[in-house]
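Report on the following structure.
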Amino acid sequence: MSSRASSPSSSSPSFSWGTIDVFRTVIRADERTDIAKAVTGLRRSAERRGVSGADAAQIAAILESTLNDLVARGRSMAASGSTVAAEKTLKSANCEVRLVFGAGERRSILRRIPKIAKGDPWFLSRISKRWRKFESDTNGHSS
């Protein structure tokens, strides 16, 4: 998601505003996030949109250290039954990444439906257990 942003030009007092390209994106994460996959995806996305390799590596390193802390804290909070939600904007030279983090939150059925389509084994096992229980209950009552 590339967009244009204006900033004061520091190179010459005769130009009051210069225009630079800024790479902007939003990353959503929780306690189950694969950090390496998120960092690699961000780096690839930034480089595809014209961000230099050094800038992409810098924002990826910032994201990785931030996610390491949040995911570790989120796992411990979720294990104790607590929830945590945080938003942070990470910035480097020509990049701006908004990180939205939430852990320990119960997800509604509408938020879990995409996982069914992807074949999430935990979710499918829960559905099949409930289906078997339903079948056994209905078969037991009809006899």
**OP:** Excluding residues on the same chain fewer than 8 positions from Lys88, give the aspartates and glutamates whose Cα lies under 20 Å from its Cα.
**Re:** Asp30, Glu31, Asp34, Asp55, Glu64, Asp69, Glu96, Glu105
Original post:
Which peptide among 32-45, 80-93 comes first, and what is the full order, when sorted by highest mean count of other Cβ atoms within 10 Å?
Top reply: 32-45, 80-93
**OP:** Could you calculate the FRET efficiency of Ser76 with Ile113 from 1/(1 + (r/R0)^6), where r is the beta carbon distance between them and R0 is 35 Å, rounded to 0.05?
**Re:** 0.80
**OP:** Sort segment 46-118 into rounded, prolate or oblate with this rule: let a ≥ b ≥ c be the square roots of the eigenvalues of the Cα gyration tensor; rounded if a/c is under 1.5, and if a/c is not under 1.5, prolate when a/b is larger than b/c, oblate otherwise.
**Re:** oblate
Original post:
So how far apart, in nm, are the two label points at Lys37 and Arg98 if each is 7 Å from Cα heading toward Cβ?
Top reply: 2.4
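Read-outs: derived from the displayed coordinates by stated rules, not from any lab. Since the model is a prediction, treat every value here as computed from it, not as a measurement. Don't worry about glycine lacking a Cβ; one is built from the backbone with ideal geometry, like all the others, and counts go over all protein chains shown.
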